[in-house]
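The values are calculated or read from the model by the stated rules, or taken from the named source; none is laboratory data. Only a predicted model underlies this, so the values are computations on that prediction, with no experimental measurement involved. Cβ placement follows ideal geometry from the backbone for every residue including glycine, while neighbour counts extend to all protein chains displayed.
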Amino acid sequence: MSDNLSVLGKARADYKPKLPVSLRKGALKAIINSGKATQSVRDQGKIKKLFPNTYGAPVLTFEGAEEKICAGRPLNVGVVLSGGQAPGGHNVIAGIYDGIKAVIGTSKLYGFLGGPSGLVEGKYIEIDYMLMAKYRNTGGFDIIQSGRTKLESTEQFDKCIKVAKKMDLDAIVIIGGDDSNTNAAVLAEYFTAKKVRCAVIGCPKTIDGDLKNEYIETSFGFDTAVKTYSELIGNIARDANSAQKYWHFIKLMGRSASHIGLEAALQTHPNVCIISEEVKKQNLTLAQVVSSIAKVVIARSKAGKNFGVALIPEGLVEFIPEFGVLISELNETLAHHGEKIKSLGDAASMTKAASKHISPASATLLKSLPLDIQLQLMLDRDPHGNVQVSLIETEKLLIEMVGKELKKQSFKGKFSTQNHFFGYEGRCAAPSNFDADYCYSLGYAASVLVLHEKTGYMASIRNLTAGFENWIAGGVPTTMMMNMERRHGKDKPVIQKALVDLKGKPFKYFAKHRNNWAKGEEYLYPGPIQYFGPTEVCDATNYTLMLEHDAL
């Protein structure tokens, strides 16, 4: 087995990621074109007031020049991996490394250990040629590890300044999702206000796919993670069709959006796939969601099919309107009374205490849930004040409630179930060729932003379905993606999450075909990610991007 792994490892080490034309001749030969001044997606006045030094910056695009357009000088750059892992992070670092080394060979890249806390505490290693060579085109974040420390206090910012000055850093690149890149934007604003000569730049990472817009067409890691999950879903679908005795309820990562579930459905054709955004738009109750699943179970049973596959988005409960209100009220309650409530220990006592601070309707809903779900809803919040929905066993809740609904309808068929949660299985997978190329390009683009001291920007690679030779590299100001949201009982500036567009082509394609998928066994079995073979197999991107760009 180790021999096989070493063969794969060698092949991945030998893989040469592709770059957009504008970056192929190095950071020194990248011409920056500036667009018009930008504004935030919402709450323009409030965001501008909070970011007076970095708000309104233009979108940047790069073009390649024949001659050097600026003088090369040694660059000192620090890099941070922040938040949950996503395939391709090592290639972002490789892109930064190669980009600054192409400026001048004595440039240095430092990796802060354990996420943002490593930056605050000044814990780092130098990433040299030999270390970088071990991690090119590999999954995981283990080169320097990640962490979820939130950068939000003046004390933290001042420690970051101290570290940046001591290390003589030209830039800090923070690789993370929407919350992590919000942190990067806040830090960039603080550094600028304090006249610190150190740019802060972000790179868009999250397998959830909810960090996307016109300029960030997809977040890195999404492509690989969904292909990994789809392989597993395909395997389970084939097993279900072979044994024909189980309904498999599969919860998929995606706390704030259903992009993973939608893409996995496009890749595998399950019998049921719940899209949280549709549930919210239709104002469905939990009972109605349960009823919709039960109808498919009954219809298939009547056709002699007591089996199936159902995909459940991780964040579903937050999108069911009555649940969303409950969670919002619990977030506010726990922000002010959390210690007292959690000290009570058991679910029943905690629910009774929390019910005094929430609306009667929410209290009724909370008390109607199984005790273990009540307890899961009141667990500690994550560092950003969000309920940890990955710890809420939504798939088990739906299995239990669908079972009760079937009994209520005097169901005569069989409803034997298996539950699964696919999360960690995809976060550190070896990156697909698409993610390997995309991430390397993002890192290289970040090196151009570093060279030109463009703080408060996020690296951007666009036109992703047109072939890498037509990819457009550049930078997008992070403030233009922001709005105000309620966190920990206070209004905070954050990057607006991108939800599944119910008018978009990927969802419309899914909606057109799901009834047929519900009735039959049109399962697709994508198999493992392919590295070797025809270009249309090993270099293909995902259905979501292809449908969005009319490339399918």
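Mind checking which strands (runs of 3 or more DSSP E) fall wholly inside the range 450-552 and carry at least 2 residues that are in contact with a Ser or Thr (Cβ under 6 Å, 6 or more places away or on another chain)?
457-462, 472-477, 490-495
At least 1 residues that are free of Cβ contacts under 8 Å to residues at least 40 places away in the same chain in each: list the helices (runs of 4 or more DSSP H) lying fully within the range 222-320 that qualify.
Filter on the range 222-320 gives 222-243, 286-302.
Which one of these is over 23 Å from residue 471 (Cβ atoms) and in contact with a Cys (Cβ under 7 Å, 6 or more places away or on another chain): 172, 161?
One residue alone meets the criteria, 172.
Let's see how each residue does on (1) within 30 Å of residue 30 (Cα to Cα); (2) of a type outside the set (Val, Ile, Thr); (3) surrounded by 15 or more Cβ atoms within 10 Å (Cβ to Cβ):
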{"site": "487", "(1), (2), (3)": "no, yes, yes"}
{"site": "490", "(1), (2), (3)": "no, yes, no"}
{"site": "519", "(1), (2), (3)": "no, yes, no"}
{"site": "542", "(1), (2), (3)": "yes, yes, yes"}
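Check 27, 71, 57 and return the single one that is surrounded by 15 or more Cβ atoms within 10 Å (Cβ to Cβ), at pLDDT below 95 and aliphatic (A, V, I, L, M).
27
Report, by residue number, each residue of the range 297-337 that is surrounded by fewer than 18 Cβ atoms within 10 Å (Cβ to Cβ) and in contact with a Ser or Thr (Cβ under 7 Å, 6 or more places away or on another chain).
Once the filter is applied, which keeps residues that are surrounded by fewer than 18 Cβ atoms within 10 Å (Cβ to Cβ) and in contact with a Ser or Thr (Cβ under 7 Å, 6 or more places away or on another chain), the range 297-337 yields 322, 325.
Among the residues of the range 97-139, write down those that are part of a helix (DSSP H, G or I), under 21 Å from the mean Cα position of the chain (by Cα) and buried (at least 23 other Cβ atoms within 10 Å of the Cβ).
Within the range 97-139, just 116 meets the criteria.
Can you name the number of the only condition in (1) over 24 Å from the mean Cα position of the chain (by Cα); (2) closer than 22 Å to residue 111 by Cβ that residue 237 fails?
Answer for residue 237: the failing condition is (2).
Are any residues in the range 457-479 crowded, with 23+ Cβ neighbours inside 10 Å and either over 26 Å from residue 18 (Cα atoms) or free of Cβ contacts under 8 Å to residues at least 60 places away in the same chain (or both), and if so, which ones?
Hit for the range 457-479 is 479, nothing else.
Can you list residue pairs whose Cβ atoms sit under 6 Å apart, with the first residue in the range 74-102 being on the phi > 0 side of the Ramachandran plot and the second being crowded, with 24+ Cβ neighbours inside 10 Å and in a strand (DSSP E or B)? Count only pairs 6 or more apart in sequence or on different chains.
Cβ pairs passing all conditions: 83/176; 88/220.
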